[in-house]
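Asks: Quick one: the structure is below, and I'll ask about it shortly.
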Amino acid sequence: MSFVACSGHSLNELKGSTLIWPSVSIGNVPQLTVDLLLSTLELQRCGFIHDSSVIPVVGGIDTVDGSASVGVTTPCEVFISADKKYTFIQQRAPVEKNRRNQYIETLLDFIQSAGIQQVIALTSADAGSRMDMQIESQPFRILVPSRNACSDFLLERGRALGIPQMEDIPLSESDISFQQYHHPHRQLNNHHSSIPRIAGGGLSRRLLTRLSAAEIDSAGLVMFALEGDNVSDSIHMANCVNALLQLVDPQGNMPLRLETYTDKKSSMRFMETTKELARTVW
């Protein structure tokens with residue numbers, strides 16, 4: 001992996017910041033959430049991450065008002081907040097299946113090289129795999145790879161907002177049959193990690209496990225979702241991220257109440273093509 005800084009920026013800018021990383025997961029809710037945060041907070045792109053494990057795609061630069069802009073959008077871009085406290089990665093393409101471990105290792109290298117202080121992974125999980133107790137509560141969970149300053153902070157903030165820690169979801173009969181057929185030599189409990197299983201969660205569990213082993217403070221925010229129109233899901237998750245991290249002043253342009261998550265109630269701004277992306281059934 002190589003980091004390419006934009007003009008006027010450098011890798012040193014990221015030192016000591018908190019990285020917000022979206023997992024490519026069910027409904028693309030984390031990607032839509034990061035797009036909302038980028039456009040609402042008007043964050044500046046400071047560089048690009050190039051890695052051969054990420055499927056290469058390119059597109060035009062998007063804007064909130066749909067106006068033309070010079071330049072291109074790449075699969076993995078880095079943004080920094082004005083106060084240098086938060087770094088955002090926006091990953092717009094998935095990782096090749098046989099290169100997942102390579103991606104995790106090179107992402108870890110980027111985090112260590114940049115001097116990132118802590119990492120918060122945003123991920124969505126298959127709402128169809130929830131247990132009864134999870135169906136009866138709100139759709140968010142705090143994901144704790146190990147007890148560290150980052151996870152303790154999110155757990156404390158989560159308790160204040162009524163967000164519980166992620167429960168361990170047992171394998172279903174169909175999951176067991178699938179693993180026995182495709183991976184007969186793999187342990188069924190898949191306990192290579194102390195992190196609960198996240199159905200449809202992409203590489204979030206794998207990344208957090210690796211960060212924990214490298215003794216990098218980290219935690220995750222999970223939202224249960226389904227494929228389809230995920231506009232309200234992304235607004236809801238963006239509001240939850242803001243409520244946890246207090247990214248915007250209460251008088252700013254992003255509501256802090258978790259119950260305020262519909263498109264009409266929120267003043268968060270979607271980029272023009274993101275509106276269409278969010279309404280696409282994948």
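Asks: Scan (1) outside any helix (DSSP H, G or I); (2) in contact (Cβ under 8 Å) with a residue 60 or more places away in the chain; (3) out of contact with any strand residue (DSSP E or B) (no Cβ under 8 Å at 6 or more places or on another chain) for the single condition Arg197 breaks and write down its number.
Replies: Failing condition for Arg197: (2).
Asks: Ok, one more. Would you mind telling me which numbered condition in (1) out of contact with any His (no Cβ under 9 Å at 6 or more places or on another chain); (2) touching a residue at least 60 places away in the same chain (Cβ under 8 Å); (3) not acidic (Asp, Glu) Ser137 fails?
Replies: (2)
Asks: Within the group Asp233, Asp249, Asp263, which residue is of a type in the set (Asp, Glu) and modelled with pLDDT of 85 or more? Give the steps one after another, and end with the answer.
Replies: Working: Asp249 fails: modelled with pLDDT of 85 or more; Asp263 fails: modelled with pLDDT of 85 or more.
Testing whether each residue is of a type in the set (Asp, Glu) and modelled with pLDDT of 85 or more leaves just Asp233.
Asks: Could you tell me which numbered condition Asp175 fails, if it satisfies all but one of (1) modelled with pLDDT under 95; (2) within 27 Å of Thr106 (Cα to Cα); (3) crowded, with 16+ Cβ neighbours inside 10 Å; (4) charged (D, E, K, R)?
Replies: Every condition holds for Asp175 apart from (2).
Asks: Any residue at all in segment 41-50 that's in a helix (DSSP H, G or I) and not basic (Lys, Arg)?
Replies: Let us first name the residues in segment 41-50 that are in a helix (DSSP H, G or I), namely 41.
Now drop any that are not not basic (Lys, Arg), which leaves 41.
There is at least one residue in segment 41-50 that is in a helix (DSSP H, G or I) and not basic (Lys, Arg).
Asks: When both residues are 6+ apart or on different chains and their Cβ atoms are under 6 Å apart, which pairs have a first residue that lies in segment 66-92 and is under 16 Å from Pro30 (Cα atoms) and hydroxyl-bearing (Ser, Thr, Tyr), and a second that is modelled with pLDDT under 90 and surrounded by fewer than 13 Cβ atoms within 10 Å (Cβ to Cβ)?
Replies: none
Asks: A further question on this structure: Need the failing condition index for Ser234 against (1) of a type in the set (Ser, Thr, Tyr); (2) more than 15 Å from the chain's Cα centre (by Cα); (3) in a helix (DSSP H, G or I), just the number.
Replies: Only one criterion in (1) of a type in the set (Ser, Thr, Tyr); (2) more than 15 Å from the chain's Cα centre (by Cα); (3) in a helix (DSSP H, G or I) is unmet by Ser234, namely (2).
Asks: Another one. Take the residues of segment 26-50 that are farther than 17 Å from Asn242 by Cβ and modelled with pLDDT under 90: which is surrounded by the fewest Cβ atoms within 10 Å (Cβ to Cβ)?
Replies: If we take residues in segment 26-50 being farther than 17 Å from Asn242 by Cβ and modelled with pLDDT under 90, then Gln44 is surrounded by the fewest Cβ atoms within 10 Å (Cβ to Cβ).
Asks: Can you tell me which residue is farthest from the chain's Cα centre (by Cα) among those in segment 110-138 that are part of a loop (DSSP other than H, G, I, E, B) and at pLDDT 90 or above?
Replies: So, considering only residues that are part of a loop (DSSP other than H, G, I, E, B) and at pLDDT 90 or above, the one farthest from the chain's Cα centre (by Cα) is Gly115.
Asks: Can we say Glu105 is charged (D, E, K, R) and farther than 25 Å from Ala238 by Cβ? Before the answer, list the steps.
Replies: Working: charged (D, E, K, R): yes; farther than 25 Å from Ala238 by Cβ: yes.
It is true that Glu105 is charged (D, E, K, R) and farther than 25 Å from Ala238 by Cβ.
Asks: A follow-up question, please. Of all residues in segment 85-102, which are out of contact with any Asp or Glu (no Cβ under 6 Å at 6 or more places or on another chain), surrounded by 13 or more Cβ atoms within 10 Å (Cβ to Cβ) and not hydrophobic (A, V, I, L, M, F, W, C)? Working first, answer last.
Replies: In the first step, residues of segment 85-102 are kept if they are out of contact with any Asp or Glu (no Cβ under 6 Å at 6 or more places or on another chain); the result is 85-89, 91-102.
Those left that are additionally surrounded by 13 or more Cβ atoms within 10 Å (Cβ to Cβ): 85-89, 91-96, 99-102.
Selection gives Lys85, Tyr86, Thr87, Gln91, Arg92, Pro94, Glu96, Arg99, Arg100, Asn101, Gln102.
Asks: Is there a residue in segment 14-25 that is surrounded by fewer than 19 Cβ atoms within 10 Å (Cβ to Cβ), modelled with pLDDT of 90 or more, part of a helix (DSSP H, G or I) and touching a helix residue (DSSP H, G or I) at 6+ places or on another chain (Cβ under 7 Å)?
Replies: The answer is no, given that none of the residues of segment 14-25 is surrounded by fewer than 19 Cβ atoms within 10 Å (Cβ to Cβ), modelled with pLDDT of 90 or more, part of a helix (DSSP H, G or I) and touching a helix residue (DSSP H, G or I) at 6+ places or on another chain (Cβ under 7 Å).
The values are calculated or read from the model by the stated rules, or taken from the named source; none is laboratory data. Bear in mind the structure is a predicted one, so any value in this text is a computation, not a measurement. FYI the Cβ positions are ideal-geometry reconstructions off the backbone, even for glycines, and counts take in every protein chain you see.
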